[in-house]
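Nothing in this text is a laboratory measurement; each read-out follows from the coordinates by a stated rule. Everything numeric in this text was worked out from a predicted model, so none of it was measured. Don't worry about glycine lacking a Cβ; one is built from the backbone with ideal geometry, like all the others, and counts go over all protein chains shown.
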Amino acid sequence: QMQLQESGPGLVKPTQSLFLTCSVTGFSITSGYYWIWIRQSQGKHLEWMGYMTYSGETFYNPSLKSPISITRETSKNQFFLQLNSVTTEDTAMYYCAGDPGGNWFAYWGQGTLVTVSS
Amino acid sequence: DIQMTQSPASLSASLGETVTIECRASEDIYNGLAWYQQKPGKSPQLLIYNANSLHTGVPSRFSGSGSGTQYSLKINSLQSEDVASYFCQQYYNYPPTFGGGTKLELK
């Protein structure tokens, strides 16, 4: 059974960078699937941020206000999300997810809360 | 981006009742629609994809229908464990976008 687990700093200051980790167990991130980041604001709105495929290709949401980067460490079966120059608008619960086709999202982590505050 | 509008934003229903949640897309999404259930403090869980296909393990009292720009999620014989928020999501066009959610409570 595939499981995903997010981890991150919890609190980040404005203008700093945010780096989140998604650790995957039960399935190799290089064997298949799309590996996705989604965030949910305090008001519960869900926002798709981007994905990385099992082969390492990435696609990001062009509507995001700040650029992001999704990378991976295959030896640890982890993938990552980086946001630069965060603002208070980046305060949210961040989820990683996995899915065979990348269109809908069958497997989710439990989420990691990120607060951007000085 | 395709805008997804859900209605109602909140809903109160009794045990055993049938509940319907609507989702409207800003353009035709050709059945490229999924529904999720999110319980308090938990991550969203996939219920339905391709507008009407039930995800593995989801009770048959959940069903999806619709076409074009109008879609709906129906819950037959409401159970206490169905108290949650429900979200629709389109994937016909990138980026995938979500509806604002419907909070379902027991009357």
Find the Cα radius of gyration of chain B, compare it with 2.2 N^0.38 Å by division, and give the number to two decimals.
0.99
Over the Cα atoms of the protein assembly as shown, what radius of gyration and what Dmax do you get, in Å?
17.4, 51
Rh_Kirkwood(chain A) over Cα pairs, Å, one decimal, evaluates to 14.1 Å
Residues in the stretch A:13-31 reached by a label modelled at A:Thr88 [backbone nitrogen below 14 Å; 7 Å Cα→Cβ]:
A:13-15
Residues meeting the amide H criterion for A:Gln110 (H placed from the backbone, H to H distance under 5 Å, 5 or more places apart or on another chain) are A:Glu6
The answer for the per residue Cα convex hull volume of the stretch A:24-78, in Å³, is 98 Å³
The stretch B:5-103 - charge dipole about Cα centre, Lys and Arg +1 at Cβ, Asp and Glu -1, debye rounded to 20
200 debye
